[in-house]
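So the structure is just underneath, and the comments pick up after that.
The values are calculated or read from the model by the stated rules, or taken from the named source; none is laboratory data. As the structure is a prediction and not an experimental result, all values here were calculated from the model. Virtual Cβ from ideal backbone geometry, glycine too; neighbours counted across all protein chains shown. The protein model used for the area step is the full one, side chains on, heavy atoms only, and it has no ligands, DNA or RNA in it. Shrake-Rupley method; radii C 1.70, N 1.55, O 1.52, S 1.80 Å.
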Amino acid sequence: MLPQRYSLGAIVLHWLIAAALVFQIVFAESLEGPRGPDLFARYQLHKSVGITILLLSVLRLGWRFVAPRPAPVPGPKWAMTLSGLVHFGLYFFMIAAPVTGWIIVSTSKIKVDTLLFGTIPWPHLPVPANWGEPAEFLHHFMPNIAIALLVLHVAGALRHQYLLGTPILARMLPGGQGKAIGALVTAAAIMLGAVVLGNVIDPRGAAQAAKPAAVATTPVAEPALDATPAAAPEGQEAEAEDKATDDEANAEPRNWVVAKGGTLGFSARWNGEPVDGRFARWTANILFSPEALDASKIDVGIDLGSVDTGDGQRDGTLTGSDFFDTGKFAKATYRASKFKALGGNRYRADGTLTLRGVSKSVPLNFTLDITGDKARAKGTATIDRTNFGVGQGDYASTAEIAGPVAVSFDLQATARD
């Protein structure tokens, strides 16, 4: 004997998919506007929910073949045919919509890694690039069909429940006896919740809230390059210079070991919005003394694959061939052996940054405070990413992602000798 109601698993899957579909349709309205961190985060959430719908739909389709379900509701041939077509159309949409979206992402010229909800890696499909255009057409056209199918599906259920007196809502929701007011309210609440969530959710705000504090590295403000120390009293300037020269000739630079907990970060602008990040793994060999600037030198190695902006999918893009291309250039280096005292605890290093195989001179302003064998250094530099080829293809333009990138560091070190 066939059951009177669907199984609990079928009911849960039905309403999860229904709510996710409504959310996607409503949320899709926000996927417009200039590209930037906000739109990027919205697309990542859109992809995550789409793949979730695909997985739930495949599970729901399989569930139909293993779990007993109620007999079809009898009725006129036209009504049963229309019901069958609507159900087939909904299943086709639930699978085809995310698959076409998956094809679009997989064939895009700009490769962006997909992490479901920023956590679970999802691969690209190995499909030809020419599949992208028809997939995009279908993907943007299908929501209109889906809305029509949803309206027909709901209208059919309400027709059976309230016009024909068939308690069909009781099959898919608890509280569906009699006039099924409880079932109707529950269904309406689920759909309304999906609509509200699709309108108010802020995926970038959620990502920012979950981001570790250390990731949002803010460049340290440094004095201007042309700042100069106060002039020495008349008659003492030459004597001071001679003494400084003698001190530097006799002094040796100290070897410093960087302590854990230092930060090496950057800040870029994407359509006017800041994108802050850091590198989790980097090393610094420091041979430095204010009294031995001529003999001082620093050598910094940066593991580009350790970039962290608080968004795994964006980080995957940064390590890809359009940006850092870590497959070919795993590390960046900064080396300096020329230093200038700017007065007080302020210095400038004139060094060379090598990034993506390109080497350019980059001045670095920093402050240094030494107490015994302990030191703290903070500094900033500004580079133009386009000089190093960081940003290929569509990303090469500075119309969306600005060329200048502020780099900052804050570290503590202990003298080894």
As a test of understanding, state the convex hull volume per residue of the stretch 1-112 from its alpha carbons, in Å³.
128 Å³
Dividing the mean separation of Cα pairs under 8 Å (6+ apart) by the residue count of the stretch 1-159 yields a relative contact order in percent of 26 percent
Leaving out ligands, DNA and RNA, and with a 1.4 Å probe, what % of the accessible surface on the stretch 20-132 is carbon or sulfur?
74 percent
Centroid-to-centroid separation of the stretch 384-417 and the stretch 56-87 [C-alpha atoms, Å]
56 Å
Let me see the pair-distance distribution of the stretch 340-417: every alpha carbon pair, 5 Å bin width, integer percents in order.
3, 13, 19, 18, 16, 12, 9, 6, 3, 1, 0
Rounded to the nearest whole Å², what accessible area per residue is found for the stretch 370-417 with the 1.4 Å probe?
49 Å²
Report the Cα-based extents of the stretch 74-116 along its three principal axes, largest first, to the nearest Å.
52, 19, 6
Running Debye on the stretch 307-355 with equal point scatterers at the Cα sites and no solvent, what base-10 log of I(q)/I(0) appears at q = 0.20, 0.25 Å⁻¹?
-0.73, -0.87
Once the Cα atoms of the stretch 1-61 are picked out, what are the Rg and Dmax in Å?
15.6, 58
Cβ crowding within 10 Å averaged over residues, with 8-15, 291-298, 306-313 ranked highest first
306-313, 291-298, 8-15
